[in-house]
Every structure is written in structure tokens, then in C-alpha cells.
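The values are calculated or read from the model by the stated rules, or taken from the named source; none is laboratory data. Since the structure is predicted, the reported quantities are computational estimates derived from the model, not experimental observations. Quick reminder, even Gly has a Cβ in these numbers, built from the backbone with ideal geometry, and neighbours come from all protein chains shown.
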Amino acid sequence: MTWDIYYTGLHLPEQLNDDGLDKRIHHTATIEITFIPPENSQQLKIYLHKDPLVIFLSRNGVNGFYYWLENQGIMLEDKSVTFMAVGEKTAEAVENKFHRTARIPEIQNASGLIQTLQTIPKKPIILITGKETRPELPDWLDKAGWDYCHSTVYSTTLKQNHYLQKIFKNTQNEIIIFTSPSSVLGFLKSINTTNFKLINSRKTTGTGCNEFVFKRQVN
């Protein structure tokens, strides 16, 4: 059987081609990213002089922050800045852009970040996110009394992917790979439906689908 795999994320990962499956891979991105200058640029510049811990929740945050620094002519080489990143890919982006190692929390979500922050001395934080970020981490930083600056450097919008709409067959030998809640909503928008009640295709999250081990079913 040949499997049709629809990858809804922005960037098609190389490992999808290395699992030995008989498949056709369709890169059908269902979101778009727009990098935007932070509205609190002046505050952000002040915090860069506080020897901050910069926290990234995604690669888009790393890229957006890097583009803002580049646009402002700011170099981090002469500043005492440390990094924390959710996920190995985000940490790799930090390494690529800033040539520094980012600490990765053991649990890859806001709760994991909070657990990690509870184990270190308080210091000024720069929290870099997208506009649609959930409030759990900023709310906790407020309640716990951390000195922090929250800057948004990108926006996620849903994309109606007409190629996906054209080739999607809604059969059991199709696998849809979602990389974020936004990519789920973008998929639904692309096929003109509001939920998964009539979707027969298999669904999974993340980047891998080897041996069809599905981490999470979307109902």
C-alpha cells in the first residue's frame, strides 16, 4: 500500500524521507508566519543590558528576534545573554543564529519551563513569543515576581491551501501530520470543514510517522 502523507507545517523535515515507508509526501502548509517588530522595542533594548535569560518557545521566535536585532544593528557578542529554548529544533535555531547553546527544559511546554525556572535563581527574563501565545507562562512569571519583558516578534495566520484541497481524498491510507494547533485549524479551513467527525484519514502530531505510532488522535 502506498501512503499519502500530508505535512501541514512550515518546513518539511528530512526524516520523513528516511523511514522506509512506501509513501508519497505532500508538503501542504496550512499556516503562514509574518515577522513583526515588537511593540515594546525600547523596553526590550533596556532588558538586553540586564544580563537577561532569553526564552524562546519556537524557531519562529528565534528567527523573529534575530531579524529584529539585525534591523536594529544590535550585536549580542558584547552582551551577557543566556538562552533557554523549548525543543531541540528551537535550540538548534539558537545555535545557528547566535552560536550559543540554549538550555532545553526536560518537559517541552509551558509547565516544563515553569518547573525549570523554579530551580534557578531569579534574573531578568526576555520572553520571545508569537502574538497568539497562550498566557500560562506570562501569568506565572507575574505571580512569581520575576522581572521580565514579553515581546512578540511574529504572527501566525491560517492558510487555505488550495493544493491540499485539490488532492485530499479522505481515505484511511492517508496520514495528516500536524505541527501545532494552528496547523490543525488551517487544515480544517483548507478542506472547508469545522471538525474531524467525517475525516477518515489518520492524524498525528510532530514530524515522525514511522511504524504509524500516532501520538495523539484528533477527534
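Which one of these does Thr152 not meet: (1) surrounded by 13 or more Cβ atoms within 10 Å (Cβ to Cβ); (2) assigned by TED's automatic domain parsing to the domain that holds Gly9; (3) β-branched (Val, Ile, Thr)?
Exception for Thr152: condition (2).
Pairs please, first residue from region 143-170 and more than 26 Å from Asn60 (Cα to Cα), second anywhere and of a type in the set (Lys, Arg), Cβ atoms under 8 Å, 6+ apart in sequence or on different chains.
From region 143-170, the pairs are Gly145/Lys122.
Would you point out which residue out of Gly87, Gly9, Gly61 is at positive phi and either within 15 Å of the chain's Cα centre (by Cα) or assigned by TED's automatic domain parsing to the domain that holds Gln165 (or both)?
Checking each option against the conditions leaves just Gly87.
Output the residue which, of all residues in region 82-125 that are of a type in the set (Lys, Arg), under 19 Å from Leu141 (Cβ atoms) and touching a residue at least 24 places away in the same chain (Cβ under 8 Å), is surrounded by the fewest Cβ atoms within 10 Å (Cβ to Cβ).
Filtering first and then ranking leaves Lys122.
Can you name every residue in region 100-140 that is more than 14 Å from Val86 (Cβ to Cβ) and either outside the structural domain of Leu44 (by TED's automatic domain parsing) or of a type in the set (D, E, K, R) (or both)?
Arg100, Lys122, Lys123, Lys131, Glu132, Asp139, listed by residue number.
Would you point out which residue out of Val86, Val62, Val94, Val81 is touching an Asp or Glu at 6+ places or on another chain (Cβ under 8 Å) and either of a type outside the set (S, T, N, Q) or within 30 Å of Gln165 (Cβ to Cβ) (or both)?
Val81
Give me the helices (runs of 4 or more DSSP H) completely within region 3-115, filtered to those with at least 2 residues that are modelled with pLDDT under 95 and out of contact with any Phe, Trp or Tyr (no Cβ under 8 Å at 6 or more places or on another chain), ordered by residue number.
Because the criterion is at least 2 residues that are modelled with pLDDT under 95 and out of contact with any Phe, Trp or Tyr (no Cβ under 8 Å at 6 or more places or on another chain), the helices (runs of 4 or more DSSP H) in region 3-115 that meet it are 88-98.
I'm trying to understand the selection: among the residues of region 135-170, which are in contact with a strand residue (DSSP E or B) (Cβ under 7 Å, 6 or more places away or on another chain), in a helix (DSSP H, G or I) and farther than 27 Å from Thr30 by Cα?
Pro138, Leu141, listed by residue number.
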